[in-house]
Amino acid sequence: MERKVAIIGAGISGLLACKYALLKGHRPTVFEAQSGLGGVWTKTVEITKLQIPKPLYQFSDFPWPDSVTEVFPDQNQVLEYIESYARQFDLLHHIKFNTKVVSIDYEGASSEVQQAWALWGGTGEPFDSKGGKWYITIQDTKSLSTEVCQFDFVIICVGRFSGIPNIPEFPQGKGPEVFQGKVIHSMDYAAMDYATAKELVKGKRVAVVGLQKSALDIAMECSTANGMDLPCTVIYRTEHWNIPDFQPWGVPLACLYLNRFSELSIHKPGEGPLLSLLATLLSPVRWAFSKFVESHVKHKLKLTKFGMVPKHSFLQELSSCLTSTVPDDFYNRVEKGSIRLKKAPSFSFCKDGILIDGKTETLKADLVILATGFNGVKKLQDIFSSPSFQDLIAGSPDKTVPLYRECIHPRIPQLAVIGFSESVANLYTSEMRCRWLAELLDGTFKLPSIKEMEKDIAEWDEYMKQYSDKNYRRSCIGALHIWYNDQLCKDMGWNPKRKKGLIAELFEPYGPMDYACP
């Protein structure tokens, strides 16, 4: 039976959700606030490249074209690849561009009835036979006119890395308002055309706050624009294992972390006694792998020389989904002086620049760019008009965003979230989730009880806290992407073992093409 499915966002996850909903005979409509598809790839910093090798970032039924020879394609190549995928599977006419979702509102069973449910939606079914619907208020971003549309199911694909910037809080009188220069977020910088961005930083003393991918890329552009005459200062709180490449000491990183053997050394949510024993016995292997990668990064980037050796392990970085690649020549520029690194547990603003906690000298600046991330949870909350649903989707601040299989909230009916929880390779993780969701909508399997789903969510939260420690970020399947995909495969009735032979199954890296067929 054809059902009306609303999909919010035309990034990677939205396009995949659209494709697989169509394959199951549903009628999807994708709402995209921007004028083009691609999500975070629509507009990036000019030098931004793919963070993982392209074989790990591709659709299972749509390989990269031979014309893209780079291992790490740039932003334009990635966007063209995504657009080609949408054209190949005829998705464009299902997308309403320049259409912002203002809010979504559920009309069905009362909140009292919902609280008494033992199964998702009361019956465990994805669609309500008694007439429960979602009403979506949309706005044309050009005319500003609004309308309300009705749907049987909603898939939220808004991601975590756009929309609402995460702005640090400052004491009264010590925030950006007292600074005579300009303060912007990395989101605003990335939204500029390349010429405008270059003009903004040219001839200015720039401070970039952060040490993740956006911060590193922006610092590189500032360094290129101003050289050693006006060095770019990178202000950071915590050192990270940002890697120079995916070949530590010549060994592919995938051979260390993206196969079943590596996952045997990690305690897993829902594991039995045997797997728990194996993980304990193999803990020295887990430690050795981490030290092996760390030694390569320290050697190649000269981290000890710059005082940039992290206090946590590489596995902790990976388990927190914080791993990113360092732009070529970054630390060479640090050594030469066109980029300066300043550690700051906290900082504040003054008239002439920045005051770093514990320092008396002012770091003078004309422009401060906050590469401090995004408030993904608030972005998710703001979609709902119901305060109770807003509270449910956010969950507790000290626990994971409560999504079963990282997709379904046990107490919000007829709705899924795709692409919010991160993995090592987000594209094919989203594809697996969309395939899983399509089978759920098609009735291939049913969800367990609400209590069982909440227990599973708690077990994944325990895993994330155990291996992420202080870098815990609430939604990351990290170093267990094969174990996670196994759960999805079992739900769908697929064989989770995708390799030929025991040796291959244990030691060969897993990637998108392993899941090309059921």
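Qualifying trypsin sites (Lys or Arg not before Pro) in segment 72-154, where qualification requires a DSSP coil assignment and no more than 12 other C-beta atoms within 10 Å, comprise 130, 142. Helix 283-301 and the longest principal axis of the Cα set of the chain meet at an angle near 40°.
Taking the C-alpha atoms only, the angle from helix 481-492 to the longest principal axis of the chain is near 10 degrees.
Unpaired cysteine residues in the chain (no second Cys Cβ under 4.7 Å): 18, 149, 157, 255, 350, 407, 434, 489, 517.
The sum of -39500 (n - 2.57) across all DSSP H runs of n ≥ 4, divided by the residue count of the chain, sets its helix-only mean residue ellipticity at 222 nm to -10000 deg cm²/dmol.
Using only alpha carbon pairs under 8 Å that are at least six residues apart, calculate the relative contact order of segment 331-405 and give it in whole percent. About 13 percent, as a whole number. In the structure shown, do any of 451/497; 268/311; 182/343; 96/490; 49/470; 213/351 have a Cα-Cα gap over 32 Å, and if so which? Cα-Cα > 32 Å for 96/490; rest within. Residues whose amide H lies under 5 Å from that of residue 350, counting only those 5 or more places away or on a different chain, are 355; hydrogens are built 1.01 Å from N in the peptide plane.
Separation of the alpha carbons by more than 31 angstrom is noted, of 204/378; 202/379; 24/133; 298/455; 465/500; 359/399, for 204/378; 202/379; 298/455; 465/500; 359/399. Against the criterion of solvent-accessible heavy-atom surface with a 1.4 angstrom probe, 442, 366 sort, most first, into 442, 366.
Is the C-alpha gyration tensor of segment 83-229 telling us rounded, prolate or oblate? Criteria: a/c under 1.5 is rounded; beyond that, a/b larger than b/c is prolate, otherwise oblate. Could you put the intermediate results ahead of the total?
On the way: a/c = 2.77, a/b = 1.98, b/c = 1.39.
The shape class here is prolate.
For segment 416-518, the set of trypsin sites (Lys or Arg not before Pro) satisfying both a DSSP loop assignment and a count of at most 10 other C-beta atoms within 10 Å is given as 500. The residues of the chain expose on average 43 square angstrom of accessible surface per residue, using a 1.4 Å probe on protein heavy atoms. On a C-alpha basis, how far is the centre of segment 200-250 from the centre of segment 286-335 in Å? Whole number, if you could? Cα centres, segment 200-250 to segment 286-335: 15 Å. The angle separating the long axis of helix 450-468 from the principal Cα axis of greatest extent in the chain is about 20 degrees. Structural descriptor for the chain: relative contact order 22 percent, calculated from alpha carbon pairs under 8 angstrom and at least 6 residues apart.
Within segment 415-518, the chymotrypsin sites (Phe, Trp or Tyr not before Pro) that combine a DSSP coil assignment with at most 14 other C-beta atoms in a 10 angstrom radius are 445. Counting protein heavy atoms only, the chain has 54 percent of its accessible area on carbon and sulfur, 1.4 angstrom probe. Using only the Cα atoms of segment 265-387, build the gyration tensor, take square roots of its eigenvalues as a ≥ b ≥ c, and label the shape rounded, prolate or oblate: rounded if a/c is under 1.5, else prolate if a/b is larger than b/c, else oblate. Judged from the Cα gyration tensor, segment 265-387 comes out oblate (a/c at least 1.5, b/c at or above a/b).
Normalising the average separation of contacting C-alpha pairs (under 8 angstrom, six or more residues apart) by the number of residues puts the relative contact order of segment 354-507 at 19 percent.
Among the listed values (i) 161; (ii) 213; (iii) 176, the one computed from these coordinates for volume of the Cα convex hull per residue in Å³ is (i).
The values are calculated or read from the model by the stated rules, or taken from the named source; none is laboratory data. This structure is a prediction, so every number in the text was calculated from the model and none was measured. Glycine also receives a Cβ, built like all others from the backbone with ideal geometry; neighbour counts cover every protein chain displayed. The accessibility values were calculated without ligands, DNA or RNA, using every heavy atom of the protein model including side chains. Shrake-Rupley method; radii C 1.70, N 1.55, O 1.52, S 1.80 Å.
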